[in-house]
Ligand SMILES: [Zn+2]
């Protein structure tokens, strides 16, 4: 078991003669083999606010062990991913690369998982749900968001009976 880990480590850092095809593969997946990848986000996706909850969901996969972020991602976004990795007890790494085809973020296992679908679509949510000072939403807005993106909706709160009673306004439509 120890031997295998040592071998894997060598392969992972490309110290030994890794075939070119593997080098190409690793360039794309931020230094990892495709067979270990659980989720891959492009640079464009990784900087979307909507990506955060997607990453969180994939980190819940028991096989996910390391969150790797492309170091071209702005620091304020990187910081959120670092905190998330720590909260979820996963290893965090950043990868220095200038490869045009490199992913923006990947979640990997330390061993082969052979997942077929590791790319996802991330639907942008409407502006009215962005940059809110708090996460209280009226029933209508909340339902709309659940419909659009259940992952994101989890970060918001539906104003309940008591909230309505004391007049907490919806942070989105302000009703
Ligand atoms: Zn509302």
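One residue stands out in region 63-80 among those that are outside any helix (DSSP H, G or I) and out of contact with any strand residue (DSSP E or B) (no Cβ under 9 Å at 6 or more places or on another chain): the one that is nearest to residue 29 (Cα to Cα), namely 72.
All conditions in (1) modelled with pLDDT of 95 or more; (2) more than 16 Å from the ligand (Cβ to nearest atom); (3) in contact with a strand residue (DSSP E or B) (Cβ under 8 Å, 6 or more places away or on another chain) hold for residue 120, with the sole exception of (1).
Taking region 40-62 as the range and being in a loop (DSSP other than H, G, I, E, B) and surrounded by fewer than 15 Cβ atoms within 10 Å (Cβ to Cβ) as the test, the residues that pass are 60, 61, 62. All of (1) out of contact with any strand residue (DSSP E or B) (no Cβ under 6 Å at 6 or more places or on another chain); (2) surrounded by 16 or more Cβ atoms within 10 Å (Cβ to Cβ); (3) part of a helix (DSSP H, G or I) hold for residue 83 with one exception: (2). Scanning region 142-162 for residues that are in a helix (DSSP H, G or I) and away from the ligand (no atom under 12 Å from the Cβ) gives 146, 147, 148, 150, 151, 152, 153, 161, 162. Inspection of region 167-174 identifies no residue that is away from the ligand (no atom under 14 Å from the Cβ), outside the structural domain of residue 40 (by TED's automatic domain parsing) and in contact with a helix residue (DSSP H, G or I) (Cβ under 6 Å, 6 or more places away or on another chain). In the set 133, 97, only one residue is in contact (Cβ under 8 Å) with a residue 24 or more places away in the chain and more than 16 Å from the ligand (Cβ to nearest atom); that residue is 97. Need pairs with beta-carbon distance below 7 Å; first residue touching a residue at least 60 places away in the same chain (Cβ under 8 Å) and within region 144-173, second assigned to a loop (DSSP other than H, G, I, E, B); sequence gap 6+ or separate chains. Going by the 7 Å Cβ cut-off, the qualifying pairs are 149/50; 149/123; 149/125; 152/50; 152/125; 155/135.
Only one of the listed residues (127, 89) is free of Cβ contacts under 8 Å to residues at least 12 places away in the same chain, within 21 Å of residue 51 (Cβ to Cβ), surrounded by fewer than 17 Cβ atoms within 10 Å (Cβ to Cβ) and within 16 Å of the ligand (Cβ to nearest atom). That residue is 127.
The values are calculated or read from the model by the stated rules, or taken from the named source; none is laboratory data. Owing to the predicted nature of the structure, the values given are computational and were not obtained by experimental measurement. All Cβ positions, glycine included, derive from the backbone under ideal geometry; neighbour counts span all protein chains shown.
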